[in-house]
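What follows is a short report on a single structure.
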Amino acid sequence: MKRIKKILVLLLLVAIAAAGYWYYQQSHQPKPEDLYRLDEVTQGHVEQTVSANGTLNPVSLISVGTQVSGIVRKMYVDFNDVVKQDQVLLELDSRLFNAQIAQSQGSVRNNEAAVELAIANEKRMRQLYAQEYVSKQELDTAVQVLKSARAQLETARGLLARDVTNLNLSIIRSPVSGVVVNRVVDVGQTVAASFQTPTLIQIAQDLAKMQIDTSFAEADIGKIKEGQKVNFNVDAFPDRSFEGVVKQLRLNSTNTSNVVTYNVVVSVDNQDLTLLPGMTAYVNIIVDRARHALLVPNAALRYKPKLNAAATPERSSPEAGGAGRRGGRKHGAKGEAQGAAANGAIGKIYVLRAGQPVMVRVHTGITDGRSTAVSGEGLVAGDKVIVSELQADNAANKGPGNNNGPRGPRMF
């Protein structure tokens, strides 16, 4: 009897110890918040953009040059001056042109006298030929001399017209109305017009209408269409966002170090004249939108559990097992950021259900570089998704000769 009581007491003590151990394990079970960094599935709008840097330029920038050489004698305009069409901008030294005109005028008068003499001789020869005092050959010679004198007179008058034109060209006038944005020469400087016309002054025709000249990689150019909305910022106004519209996609490509880019022209309205020529613009072109979509952080699509972690149950969409996930790409003004996946690809996320990570296959849509539009079976707004692990595997951190003990939380 006593033996049976001892066995019962021993069994009772073992049961109490097992219950205590079970309670200890349950009370000290790590919470999911201590193991994983979590985020929520949200519902909202997302816009996919492609980005690049560009330069603000006037729509029409006129480089005023000169067809004749000379020394700049007078300047009538300076930087930022508003000018009208045909307004005098500067004058070159005209003394050489005046001397050439005087020489040409003398040549014209000389040839006019020669023509008058040739006319008189030709008239006299005709009278003498009618009276048979001169031969036909002498009359023909007089006629030829008259024609030659008239041709030389026309040549002299042409040279005079050329010299007068050169004199007029020494006075540089504005071809359009606008604002002087650049002045290259100063008074006393010599300009030489030879094979290439020298630029003297640059005039922006209308600063209220400007454009951004920017280059996009060939991977993004297929998404850009004329008429798309553009948002951009400039360093001068970091807290202000500006808008524009894609005006033109130029077909001429540029190959730099085997990187092919295409020039995209963005039309910008600058009625308040806030934007200035030459500013660097950080351009974002909206190429796609998703409304009321389920959004997950891109980090959740990149997360993979540890290799030695226990297998997690899987929820598969009907299309599971399709194409693998491909990384989307976004070209930014300050670098490149990896998107989660290309449109229509299959991705995997781990959703926390009943304290355990459950893998869910999702269809990925567009991304803005931070969040990606997804759709998956059983996925709803408010679900907790794993973006990274907070605790490292202690067994993996321990090794031969490692006296540091367990390591702290692993930061991502």
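I want to verify the translational diffusion coefficient of the stretch 50-91 in µm²/s; compute it with Stokes-Einstein, Rh as the Kirkwood radius over Cα pairs, at 4 °C and 1.567 mPa s. Mind dumping the intermediate values first?
Details: Rh = 13.7 Å.
Answer, rounded: 95 µm²/s.
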Notebook entry, point to check: Based on the inverse mean of 1/r over its pairs of different Cα atoms, what is the Kirkwood hydrodynamic radius of the stretch 94-169, in Å?
Noted result: 13.8 Å
Next item on the list: Please list 159-167, 122-130, 45-53 highest first by mean number of surrounding beta-carbon atoms within 10 Å per residue.
Entry: 45-53, 159-167, 122-130
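Using a Förster distance of 41 angstrom, determine the FRET efficiency expected from the C-beta separation of V176 and N110, and round it to 0.05.
On the way: r = 43 Å, r/R0 = 1.04.
Efficiency computed from Cβ-Cβ geometry: 0.45.
Quick check of the Kirkwood formula: for the stretch 96-220, what is the inverse mean of 1/r over all pairs of different Cα atoms, in Å?
Numbers: mean 1/r = 0.0494 Å⁻¹.
Evaluated on the stretch 96-220, it is 20.3 Å.
Read-outs: derived from the displayed coordinates by stated rules, not from any lab. Owing to the predicted nature of the structure, the values given are computational and were not obtained by experimental measurement. Cβ sites come from the backbone with ideal geometry, for glycine too, and all protein chains shown count toward neighbours.
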